[in-house]
Amino acid sequence: KFYAPWCAHCRDMSAEWKLLGEHMKYEGGRVRVGAVDCAQSHELCARAGVAAYPTLLWFGPDRAAVPERYEGPRKASPLASWALQRLEELAAGQEHYEYAYDEEGNPLLGGGDGGGDDYGGDGGHSAYEGRDEL
């Protein structure tokens, strides 16, 4: 989520975003949820193509790929369904790669290092490796 602190829509969405993070944690941490304050991270938001707030983007493991913009309802449940569907599509599309799954069969993901202000890949670490939501 790319947001601005002065944005009323961003503030209104804050509780749902927290619920989404909790839901993703309950789902095993397979999808990492983060937030970027564009008032503090102008350059990052510009690189991501953010022009309005809040902007919700999905970043997959391919750092060169354009992130997918979420345009659906701004509620935790549809956001979670959408994110988990992206994850399943990603896993299905990468089954032929040697490192698509870890040794326990968990899908490997890129996208973000858990630091909040970086949306780059993490080198193919398992999404199950104790990641914290922001």
* List every residue pair whose Cβ atoms sit under 9 Å apart, with the two residues 6 or more apart in sequence or on different chains, where the first one lies in region 23-38 and is free of Cβ contacts under 8 Å to residues at least 60 places away in the same chain and the second, anywhere, is among the β-branched types (V, I, T) and outside any strand (DSSP E or B). => H23/V33; C38/V50
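Here is a yes/no grid of residues against (1) acidic (D, E); (2) open to solvent by 30 Å² or more (accessible area, probe 1.4 Å); (3) at positive phi; (4) assigned to a loop (DSSP other than H, G, I, E, B):
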{"site": "A39", "(1), (2), (3), (4)": "no, yes, no, yes"}
{"site": "G49", "(1), (2), (3), (4)": "no, yes, yes, yes"}
{"site": "P61", "(1), (2), (3), (4)": "no, yes, no, yes"}
{"site": "A64", "(1), (2), (3), (4)": "no, yes, no, yes"}
{"site": "P78", "(1), (2), (3), (4)": "no, yes, no, no"}
{"site": "A83", "(1), (2), (3), (4)": "no, no, no, no"}
{"site": "E88", "(1), (2), (3), (4)": "yes, yes, no, no"}
{"site": "A92", "(1), (2), (3), (4)": "no, yes, no, no"}
* **Condition met for E71 (without any contact (Cβ under 8 Å) to a residue 60 or more places away in the chain, part of a helix (DSSP H, G or I) and open to solvent by 40 Å² or more (accessible area, probe 1.4 Å))** => no
* Residue within region 11-26 that is outside any strand (DSSP E or B), open to solvent by less than 80 Å² (accessible area, probe 1.4 Å) and among the acidic types (D, E) present -> yes
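The values are calculated or read from the model by the stated rules, or taken from the named source; none is laboratory data. Nothing here was measured: the structure is a model prediction, and the numbers come from that model. Please note: Cβ atoms are built from the backbone with ideal geometry, for glycine as well, and neighbour counts cover all protein chains shown. Surface accessibility is based on the protein's heavy atoms, side chains included, excluding ligands, DNA and RNA. Shrake-Rupley method; radii C 1.70, N 1.55, O 1.52, S 1.80 Å.
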